[in-house]
1. Could you state the accessible area per residue of the range 50-160 in Å², with a 1.4 Å probe and every protein chain left in place?
2. So, counting K/R as plus one and D/E as minus one, what does the shell of residues with Cβ under 11 Å around Arg205 add up to?
3. Quick check: net charge around Gln101, other residues with Cβ under 13 Å of its Cβ, Lys/Arg +1 and Asp/Glu -1?
4. List the aspartates and glutamates whose Cα lies under 19 Å from the Cα of Lys42, skipping any in the same chain that are fewer than 8 positions away.
5. Please compute the alpha carbon radius of gyration of the range 56-212, then divide it by the globular-protein estimate 2.2 N^0.38 Å. Two decimals is fine.
6. Rounded to whole Hz and in sequence order, give me ³J(HN,Hα) for the range 133-139 from the Karplus expression 6.51 cos²θ - 1.76 cosθ + 1.60, θ = phi - 60°, writing x for Gly and Pro.
7. Show the residues, 5+ positions off or on another chain, whose built amide H is closer than 5 Å to the amide H of Ala89.
8. How much of the accessible area of the range 130-195, in percent, comes from carbon and sulfur atoms when a 1.4 Å probe is used?
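The values are calculated or read from the model by the stated rules, or taken from the named source; none is laboratory data. Computed from a predicted model, the values in this text were never measured in an experiment. Ideal geometry is used to build each Cβ from the backbone, glycine not excepted, and the neighbour counts take in all protein chains shown. These area figures cover heavy atoms from the full protein model, side chains too; ligands, DNA and RNA do not enter into them. Shrake-Rupley method; radii C 1.70, N 1.55, O 1.52, S 1.80 Å.
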Amino acid sequence: MAVALLSACRPPPPAAPLRSRRGAFRTSCSIFANPAQRAKRKLLELISEEDRGLRTQKDATKRDAIVNAIESMAVIGRSSITTGDSLSATWRLLWTTEKEQLFIIEKAGLFGTSAGDILQVIDVKKRILNNVITFPPDGVFFVRSDIQIASPQRVNFRFNSAVLRGKNWELPLPPFGKGWFENVYMDGDIRVAKDIRGDYLIVDRAPYNWTE
């Protein structure tokens, strides 16, 4: 077995350009990537065609595979601290099981619009969480929350207000609800969370900062 692996990872002939040889060697030896990298790559591949979770709702087998991949990430991240300053960011939804968010994504067309980026905007020092659903070019629905760091991976939250906003109008809505979520894995690219209702959330760091 060891001989076969070493043989599979043998670099191309010396005549090949250095950059090409190194790239080929990394690709052929991807089997040696660390467990976190392999688990993360598998998870992102599983959700890549799931339309943020819409397709997963109708495919129990795929949902189970994704949840199993999330649990693998949780094992890898179980001893890490995921509620520190690096949690502060604009996080963009990649996949979720949260029915309310998926309903809005799916039904937005009935109101003559479509859902854009769905975000979690967190500021640990200010103890603020905004859940945001954008409706380009001018619409947005966001819920403001206060947060409290409860443990190395758990964040408690309490909603305090909500706003539905268009280009030239704004509709305040009453606050509702409280709960918690646990960041079971987080790195420089993605965050994986599970909440009080057993829902899952996978987000990445957005390439921009959302502000009200």
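1. Numbers: 5790 Å² over 111 residues.
I get 52 Å² per residue for the range 50-160.
2. Value of the local net charge: -1.
3. Overall, the nearby charge balance is -2.
4. Correct list for Lys42: Glu50, Asp51, Asp59, Asp64, Glu71, Asp187, Asp189, Asp204.
5. Ratio of Rg to 2.2 N^0.38 Å for the range 56-212: 1.04.
6. 10, 9, 10, x, x, 10, x
7. Ile122
8. The value for the range 130-195 is 57 percent carbon and sulfur by accessible area.
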